[in-house]
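Enquirer: Before anything else, here's the structure in question.
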Amino acid sequence: MYEHLLSPLDLGITTLKNRVIMGSMHTNLEEIPGGFERAAVYFAERARGQAALIVTGGIAPNEEGYITPKSAKLSTIEEVAQHKLITEAVHRENGKICMQILHTGRYGYHSGIVAPSALQAPINFFKPRAMTEEDIQRTISDYVQCAVLAQKAGYDGVEIMGSEGYLINQFIVTRTNQRTDNWGGSYKNRIQFPIEIVRKTREATGKNFIIIYRLSMLDLVENGSTWEEVVVLAKEIEKAGATIINTGIGWHEARIPTIATMVPRKAFAWVTKRLKGEVNIPLIAVNRINTPEVAEEVLAEGCADLVSMARPFLADPEIILKTMEGRTDEINSCIACNQACLDHTFQLKISSCLVNPRACHETELQYLPTTHPKQIAVVGAGPAGLAFAHIAALRGHKVTLYEADNQLGGQFNYAKIIPGKSDYGDTIRFYTSMMKKYNVHVILNHRVQARDLLDHNYDEIVLADGIEPRQITIEGHDHPKVVSYTDVLSQKVNIGKRAAIIGAGGIGFDVATFLTHQTPNDDVISEFLKEWGVDREYQDAGGLSKPKPNQPAREVYLLKRSGGKHGSTLGKTTGWIHKAHLTSQHVQMLSDVEYLKIDDEGLHISIKDDYQVLNVDHIIVCAGQLSSRNLYNTLITQGLQPHLIGGAEEAKELDAKTAIHQGCTLAARL
Ligand code: FAD
Ligand code: NAP
Ligand code: SF4
């Protein structure tokens, strides 16, 4: 079934064992004391998991190219030894690894940033200095020196980062390059910078060194490259000596989501396909390729020679090994939430993964076989209970998992039906398969009472029984128009054409998305591209077109009592996307709301003393959660000492990242 994905690829200088590359991700590991040792273990696990080739996170070729003042760089011989820890660990597993060279240009967060022209990026508060001719020549030499040092450190190659709006990309387009010398003006002049870097890197590293060039094939910003320019550059990069061309989609300052969960799977594979046949070296397709099935489709459809998966290797280091062994139901799939990877990176925290908290913490969080197997009861099969049951059983404990509902998954059963979040169902599929694999005794349709636990002689009791949605107490709270989000998402009620949502947290946003969504047509990729204004025909430079969102299915108000903008509590890298989507659906986002009462007329509110009635058919309560401690309190009074995890432990600011992390860490130490 995975004949394309699992077939080897001869690069002429070396052979890759299959078609899946682990793409570059900045984890912040290289920036902390002892981080290279940790990175070595992290990469080695992915090599053992049969990634055909690994690309490291971005390493700066000089200080001006830093992401932040403390970023990793490779510009001196003294820095080589720490990289050897990584290359040797990967080679011991028979893996291959390339180091990404990343110069941020005007995207660096420090005062010493440089760029082709002194034009500040809209997403940065630092303004760059325009590079002089001497700066440009020196920077090209720095790239080459960095590649030579990477070779000395034992890397199999380098990836030269030429996309996402970083320095090289800034040279290529007039949006950021307004120079009047030999490095600006005509397209030929503007692409000299990447061409020189690749040509001189090839000269300096010899013919057997892998050079991947990440080419921005779809800038998604105004005044980006035209398609014809992309093709010219690809041909020149091939001529200059690159081994492989990787695809770059969208600058960081683009206002179009490219990897978040609502981006359909393989939504940008068509871009790489356009370039097929224009060059003779292999091409890599990227973005939202998160399962072997999707990767196989991309390859079988002839979109590319290789696929790059980055976050899926955080979620499951063995994604390819499991595919090779026919165990795809055991793959812990990336759900594209960004909550523990990209959001962490942008907060300068160590990256990890919501569904796999071991990612980048391999040396700290270890699941070792237990020497004292215990009988353990787990109450609640949401993310926290499932994560605990999985790891405890894997370690050799005898686990009984009780669930009141008729299915596993807890609140993820609601999350997975939100438009754009169907991937969350994969987490439930993964845990279902782990419960079987590790012989967890699952008892569904059973709401545990204290006596169930008292009757058994369990060694440990873990309460993962989650939360209760918070009720509102204003006048009319029991009016038939008032429903909970659980009633809406379990489709127990038919919501009318006008609805008001009380509470604008993550769930309020998701419910607004659910209510405004029209039944999609079958071509979800075309629909997505149309909504966000991406032009497959590439009629304008940068590939933008006028966004054409669908009409909303309902008129929705999204309300909160606090002041300030909506969406500020959502994820750093995804909040703006949710908000832009709801804005396109004409959702009315009201802040500073005082809820007065509910009656047949609708919801009576006041905003800064301005009284109004929202004449709606339904009022949906998404006002946060409360932990339910009844069972816990009863057990305590009976002299038991249950453990609490997930929402059962603390409902405030609970999310699945915390729930799964708590489940795994408790199971690792019991
Ligand atoms: P729960 O998921 O609530 O699971 C508790 C389980 O215990 C339930 O299955 C319940 O039936 C069971 N139970 C309760 N009492 C008993 C009993 N006495 N006996 C047996 N079983 C019992 N989080 C994110 O991080 N990112 C998101 O994008 C995200 N999206 C969401 C979207 C929606 C629409 C919703 C509703 C939630 C979303 N969340 C998201 C929140 C996330 O799902 C929760 O934080 C997470 O599910 C909490 O896990 P938990 O295991 O503690 O509790
Ligand atoms: P939440 O994010 O805490 O939001 C609760 C909302 O209810 C807030 O807007 C709050 O705003 C309002 N509220 C609180 N008490 C109220 C009261 N007594 N009366 C009226 N309104 C009240 O919680 P949630 O939306 O339930 O989400 C639960 C968790 O799931 C969150 O931690 C969230 O991160 C996670 N989640 C994440 C995503 C995601 O996309 N990343 C999606 C869904 C859920 P005001 O006080 O301003 O009114
Ligand atoms: Fe994927 Fe979310 Fe894990 Fe990041 S945190 S790797 S997006 S599942």
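Enquirer: Count charges around Ser568 for me, please; just the other residues with Cβ under 13 Å from its Cβ, Lys/Arg as +1, Asp/Glu as -1.
Expert: Overall, the nearby charge balance is +4.
Enquirer: Structure shown: which of Lys235/Lys273; Lys421/Lys481; Lys235/Lys276; Lys200/Lys276 lie over 18 Å apart, alpha-carbon to alpha-carbon?
Expert: Lys421/Lys481; Lys200/Lys276
Enquirer: A further question on this structure: Straight distance only, please: which lysines reach the Cα of Lys322 with their own Cα at less than 17 Å, same-chain residues fewer than 8 apart left out?
Expert: Lys17, Lys436, Lys437
Enquirer: Follow-up. Report, in deg cm²/dmol and to the nearest 500, the calculated mean residue ellipticity at 222 nm for the chain, where each DSSP H run with n ≥ 4 adds -39500 (n - 2.57) and the sum is divided by the residue count.
Expert: -9000 deg cm²/dmol
Enquirer: How much net charge surrounds Asn439 when only the other residues with a Cβ under 13 Å from the Cβ of Asn439 are counted, with Lys and Arg +1 and Asp and Glu -1?
Expert: Around Asn439, the charge tally is +4.
Enquirer: So what's Rg/Rh here for the stretch 377-444, counting alpha carbon atoms and using the Kirkwood radius for Rh?
Expert: Using only Cα positions, Rg/Rh for the stretch 377-444 is 0.98.
Enquirer: With a 1.4 Å probe and all protein chains left in place, how much of the accessible area of the chain comes from carbon and sulfur atoms, in whole percent?
Expert: Roughly 48 percent of what the probe reaches on the chain is carbon or sulfur.
Enquirer: Next up: If you average the alpha carbon positions of the stretch 535-580 and of the stretch 595-635, how far apart do those two centres end up, in angstrom?
Expert: Distance between centres, Cα-based: 25 Å.
Enquirer: How big, on average over all directions, is the shadow cast by the Cα convex hull of the stretch 572-670, in nm²?
Expert: With every direction weighted equally, the projected area is 10.7 nm².
Enquirer: Looking at the stretch 24-88, which trypsin sites (Lys or Arg not before Pro) are in a loop (DSSP not H, G, I, E or B) and have at most 10 other Cβ atoms within 10 Å?
Expert: In loop regions of the stretch 24-88 (DSSP not H, G, I, E or B), there are no sparsely surrounded trypsin sites (Lys or Arg not before Pro).
Enquirer: In 10 Å bins starting at zero, report the fraction of Cα pairs in the stretch 3-337 per bin as a rounded %.
Expert: All Cα pairs, binned at 10 Å, distribute as 6, 28, 37, 24, 5, 0 percent.
Enquirer: To continue, here is another question. Identify all lysines with a Cα-Cα distance to Lys530 below 18 Å; exclude those on the same chain that are fewer than 8 residues away in sequence.
Expert: Here the lysines satisfying the reach criterion relative to Lys530 are Lys266, Lys546, Lys548, Lys579.
Enquirer: Now for a separate question. Which whole number of Å³ per residue matches the convex hull of the alpha-carbon atoms in the stretch 432-586?
Expert: Hull volume over Cα atoms, normalised by residue count, gives 231 Å³.
Enquirer: Here is a follow-up. Could you pull the Cα extents of the stretch 123-184 along its three principal axes, largest to smallest, in whole Å?
Expert: Here the Cα extents, ordered largest to smallest, are 38, 27, 20 Å.
Enquirer: Checking the a/c ratio against 1.5 first, then a/b against b/c, what shape does the Cα gyration tensor give for the stretch 345-494?
Expert: oblate
Enquirer: Using a ≥ b ≥ c from the Cα gyration tensor of the stretch 87-173 (square roots of the eigenvalues), is it rounded, prolate or oblate, where a/c under 1.5 gives rounded and otherwise the larger of a/b and b/c decides, a/b for prolate?
Expert: Since a/c reaches 1.5 and a/b is larger than b/c, the shape of the stretch 87-173 is classed as prolate.
Enquirer: Based on alpha-carbon atoms only, what is the radius of gyration of the stretch 623-670 relative to the globular estimate 2.2 N^0.38 Å?
Expert: For the stretch 623-670, the normalised Cα radius of gyration is 1.25.
Enquirer: Treating each Cα of the stretch 183-227 as an identical point scatterer and ignoring solvent, apply the Debye formula and state log10 I(q)/I(0) at q = 0.13, 0.18, 0.22, 0.31 Å⁻¹.
Expert: Here the Debye-derived log intensity ratios amount to -0.40, -0.68, -0.87, -1.14.
Enquirer: Sticking with this structure for a sec: Quote the convex hull volume per residue of the chain, based on C-alpha atoms, as a whole number of Å³.
Expert: Cα convex hull per residue, to the nearest whole number: 161 Å³.
Enquirer: Kirkwood-based Rg over Rh for the stretch 1-156 (C-alpha set), two decimals?
Expert: Here Rg/Rh amounts to 1.03.
Enquirer: Run through the DSSP bridge list for the chain and note the antiparallel percent, rounded to the nearest 5.
Expert: So the antiparallel bridges amount to about 20 percent of the total.
Enquirer: Can you list residues whose amide H is under 5 Å from Tyr109's amide H, if they're 5+ apart or on another chain and H is modeled 1.01 Å from N?
Expert: Thr68
Enquirer: Here's another thing I want to ask about it. Provide the per residue accessible area, probe 1.4 Å, for the chain, rounded to a whole number of square angstrom.
Expert: Value for the chain: 40 Å² per residue.
Enquirer: If one computes the Cα centroid of the stretch 178-255 and of the stretch 441-456, what distance in Å separates the two points?
Expert: Taking the Cα centre of the stretch 441-456 as reference, the centre of the stretch 178-255 is 62 Å away.
Enquirer: Using the Cα atoms of the stretch 493-535 to build a convex hull, what is its mean projected area in square nanometres?
Expert: Reported value for the Cα convex hull: 4.4 nm².
The values are calculated or read from the model by the stated rules, or taken from the named source; none is laboratory data. Please read all numbers here as calculations on a predicted model, not as lab measurements. Note that each Cβ is placed from the backbone with ideal geometry, even for glycine, and that neighbours are counted across all protein chains shown. These area figures cover heavy atoms from the full protein model, side chains too; ligands, DNA and RNA do not enter into them. Shrake-Rupley method; radii C 1.70, N 1.55, O 1.52, S 1.80 Å.
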